[in-house]
Amino acid sequence: MKRAKLEEFRQAAYNYLGRAHDATFELTDAILLTRNAYSLADLSLSLVFRRKWPSIYEALQDSRPQRQKLMQLYIKQMPIQGRLLLAGDHTAWSRPDALTLQERTIEHCSATVAGNKPITIGQGYSTIAWIPENSGSWALPLRHERITSWENPIEKATWQLQQVCEHLPTRPISVWDSEYGCAPFVSKTANIKADILVRLRSNLCLWGAPPAYSGKGRPRKHGDKFKLNEPSTWSEVTQSLEVNHPKLGQVKISLWLNLHFRKTATRPMSLIRVERVVRLGNSKAAKPLWLAWVGEEMPPLEAVWQFYLRRFTVDHWYRFAKQRLHWTLPKLSTPKQCERWSDLMPIITWELWLARDIVADNPLPWQKSLDKMTPGRVAQAMGSILAAIGTPARLPKPRGKSPGWKAGQPRQRRIRYPQVKKTTTKPRKEQPVSA
């Protein structure tokens, strides 16, 4: 049954790859079976890639993956019952030396060199993924798309969340990092059928509910100020409790109701403060974690804050895609080719998820056996599965040898594009017309 489900998924994904789907689908299998690669052409040496190395570049040039249909295919693999947990984030594909690549922007980079700022020049990609388990490193991307030079991460994440929620059977819970804990994101997601749990920076200022209308002047929109790093501005706690977490130890959780950003007075939030109680022998107090719940009825306080801890599986998937799936390996020349190559990463990840229960662990000599398979371990054991189920891709049709570049034909230098700097320009004030 599980094997038939995997075969059905592979056939549907093959049909949604558009043109050049044979070479493109064989490329996904080559990625799964190639543990180490130094260039994109190295993937053509895999036994499952039955074509020559130029077919890889032609596939990325000609293929047209249907992202909307692929997203609906992913959603069909998700359970119907229960609340679904989604997580969103964005990362950078660093291309500092690609002077001929269009739409390179300045992106945040986590890996830094001493004395340099944590930024790089390249492309940003936004991802929204389904978190299927309460523990582990599985994150299954539903949409993984490039942030264009005229978009920002908040606008892209809002659009992706709306596209996903339109096809989900139930109202999901979505978790976000502190970059999305701002008034624009809360405002843009007001009409999306999803509950939001977002981290807040500790220097933010919120506002309470306004007092009753006194009958004079304009009704107030805001109540008392609530600054997160100034306890003197805090109002009375609505609910407080302590729980014993297996990894964090004793944790104190506090809840405040009916708070909002200054620019989103019509979107009330529930504020949650998670404080780790200092253990014996540790004199340094840990910094508290501030979370905001925006949406319908909130789950119990002792459980809701733990949803945010599952957001970090998206970071695990980014590392897995870059290191094992060779996502940032190729030096492609156009943004469209980069997008089509990036569309293969969710397909491969979902194949691994569907194969996790039918593969046998195949550890390397220096690895320990695992009871619960991780994405890397499943990819390590996919050779036997692919050999058993085969591939929907058709055999290649040789068309002879290309004549190559004509002798004496001039070559044109490729155009070099400057990096795009995203700036917000204020509209100019209209000059008064003189009499």
Ratio of the Cα radius of gyration of the chain to 2.2 N^0.38 Å, where N counts its residues: 1.15
Can you put Phe261, Phe312, Phe307 in order of accessible area, largest first, using a 1.4 Å probe? Phe312, Phe307, Phe261
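Classify region 154-262 as rounded, prolate or oblate from the Cα gyration tensor: take a ≥ b ≥ c as the square roots of its eigenvalues, call it rounded if a/c is under 1.5, otherwise prolate when a/b beats b/c and oblate if not.
Judged from the Cα gyration tensor, region 154-262 comes out oblate (a/c at least 1.5, b/c at or above a/b).
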Please arrange Ser254, Ser402 by accessible surface area, largest first, computed with a 1.4 Å probe and ligands excluded. Ser402, Ser254
To test your reading of the geometry: what angle, between 0 and 90 degrees and rounded to tens, separates the Cα axis of helix 2-15 from the longest principal axis of the chain? 80 degrees
Between Lys406 and Asn152, 0.36 nm times their residue separation minus their Cα-Cα distance comes to what? 87.0 nm
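Roughly how big is the chain's charge dipole about its Cα centre, with Cβ charges of +1 (Lys, Arg) and -1 (Asp, Glu), in debye to the nearest 20?
Here the chain has a charge dipole of around 1360 debye.
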Once you have a ≥ b ≥ c as the square roots of the Cα gyration tensor eigenvalues for region 164-222, tell me rounded if a/c is under 1.5, and otherwise prolate or oblate according to whether a/b is larger than b/c. oblate
Could you work out how far helix 153-165 tilts from the main Cα principal axis of the chain, as a 0 to 90 degree angle to the nearest 10? 80 degrees
If you take every residue apart from Asp315 with its C-beta less than 14 Å away from the C-beta of Asp315, what net charge results, scoring Lys and Arg +1 and Asp and Glu -1? +2
Could you pull the accessible area for Asp357 with a 1.4 Å probe, rounded to 10 Å²? 90 Å²
Once Arg171 and Gln72 are pulled to full extension, the length gained, defined as 0.36 nm per residue separation minus their Cα-Cα distance, is 34.0 nm
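Could you tell me whether region 25-162 comes out rounded, prolate or oblate from its Cα gyration tensor? Rule is a ≥ b ≥ c as square roots of the eigenvalues, rounded for a/c under 1.5, then prolate if a/b exceeds b/c, otherwise oblate.
oblate
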Straight-distance crosslink candidates among lysines, where the alpha carbon sits under 20 Å from Lys69 and sequence neighbours closer than 8 are dropped: Lys5, Lys156, Lys336
If R₀ is 41 angstrom, what is the calculated FRET efficiency for the pair Glu133 and Lys216, using the beta carbon separation as r and rounding to 0.05? 0.15
At 7 Å along Cα-to-Cβ for each site, give me the label-to-label distance between Leu395 and Thr100 in nm. 3.7 nm
Please give every one of the lysines within straight-line cross-link reach of Lys397, meaning a C-alpha to C-alpha distance under 23 Å, and leave out same-chain neighbours fewer than 8 residues apart. Lys52
Of Leu40, Val198, Ala4, whose Cα points farthest to the positive end of the dipole of the chain (charges on the beta-carbon: +1 Lys, Arg; -1 Asp, Glu; origin at the Cα centre)? Leu40
Note, ³J(HN,Hα) from phi for region 378-395, Karplus 6.51, -1.76, 1.60, rounded to Hz, x at Gly and Pro: 5, 4, 5, 10, 7, x, 5, 5, 5, 5, 7, 8, x, 9, x, 5, 7, 5
Accessible area of Trp207, 1.4 Å probe, to the nearest 10 Å²? 50 Å²
With a 1.4 Å probe and all protein chains in place, put Tyr213, Tyr57, Tyr38, Tyr74 in order of accessible area, largest first. Tyr38, Tyr213, Tyr57, Tyr74
Taking Cα pairs closer than 8 Å and at least 6 residues apart, the relative contact order of region 1-140 in percent is 18 percent
Subtracting the Cα-Cα distance from 0.36 nm times the residue separation, let me have the gained length for Ala12 to Arg201 in nm, one decimal. 63.8 nm
Cα-based helix-to-principal-axis angle, 21-33 vs the chain, degrees rounded to 10: 70 degrees
Go through region 83-89 residue by residue and turn each phi into a ³J(HN,Hα) via Karplus (6.51, -1.76, 1.60, θ = phi - 60°); whole Hz please, and just put x for glycine and proline. 7, 8, 10, 10, 9, x, 6
Hey, what number do you get for the chain at 222 nm if only DSSP H runs of n ≥ 4 count, each worth -39500 (n - 2.57), divided across all residues, to the nearest 500? -8000 deg cm²/dmol
Computed for region 1-116: size of charge dipole around the Cα centre, +1 on C-beta of each Lys and Arg, -1 on C-beta of each Asp and Glu, debye to nearest 20, value 500 debye
Counting DSSP beta bridges with both partners in the chain, what percentage is antiparallel, nearest 5? 85 percent
Quick query: amide H of Ile119 versus all other amide H atoms, modeled in the peptide plane; which residues come in under 5 Å with a sequence gap of 5 or more or a different chain? Cys109
In the full protein assembly as shown, how much of Arg50 is accessible to a 1.4 Å probe, in Å² to the nearest 10? 90 Å²
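The values are calculated or read from the model by the stated rules, or taken from the named source; none is laboratory data. Keep in mind that this is a model prediction, so the values were computed, not measured. Counting neighbours? That spans all protein chains shown, and the Cβs are built from the backbone with ideal geometry, glycine included. Please note that ligands, DNA and RNA were not included when accessible areas were found on the heavy atoms of the full protein model with its side chains. Shrake-Rupley method; radii C 1.70, N 1.55, O 1.52, S 1.80 Å.
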